[in-house]
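Each reported figure results from applying straightforward, stated rules to the coordinates on display, with no laboratory input. If you're wondering where the values come from, they're calculated on a predicted model, not measured in any experiment. Counting neighbours? That spans all protein chains shown, and the Cβs are built from the backbone with ideal geometry, glycine included.
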Amino acid sequence: MEKFELEVLEVKGEKIETWKFKVNTDDKESISALKEIVNYINGTDKKMVIDPIDTVWTYIYLYPTNVFTEEDKDFFKEKINVIVK
């Protein structure tokens, strides 16, 4: 079972994959895993926005969705499982 909610939005004809999950802000391993997701994307031409809507819930927006490979998504799932353990 996945530990995140996935929704695909369409904004101005562009599909945006939205992942919502809880972050345990008191757990250093969770915060470290979230930073690994950010570092994974930095330096590439891929776009990702992390929007912490409060101290618990976080959204990750991936766009355009077709540039993210299954390997990318598997990496995110692995890290999210650490974050929400």
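Among the listed pairs Lys15/Lys35; Lys28/Lys73; Lys3/Lys73; Lys12/Lys79; Lys12/Lys35; Lys22/Lys73, those with a Cα-Cα distance over 20 Å are Lys15/Lys35; Lys28/Lys73; Lys12/Lys79; Lys12/Lys35.
A simple rule links phi to the HN-Hα coupling: the Karplus curve 6.51 cos²θ - 1.76 cosθ + 1.60 with θ = phi - 60°, which for region 24-36 gives 7, 6, 8, 9, 4, 5, 5, 5, 4, 5, 5, 5, 5 Hz, with x for Gly and Pro. So who's got an amide H within less than 5 Å of the one on Trp57, skipping anything under 5 residues away but keeping other chains? H placed 1.01 Å off N, in plane. Answer set, sorted by chain and number: Val23. Given R0 = 22 Å, the distance between the Cβ atoms of Lys3 and Thr69 translates into a calculated FRET efficiency of 0.60. Highest mean packing comes first when the peptides 27-34, 64-71, 75-82, 5-12 are listed by Cβ atoms within 10 Å, giving 75-82, 27-34, 64-71, 5-12.
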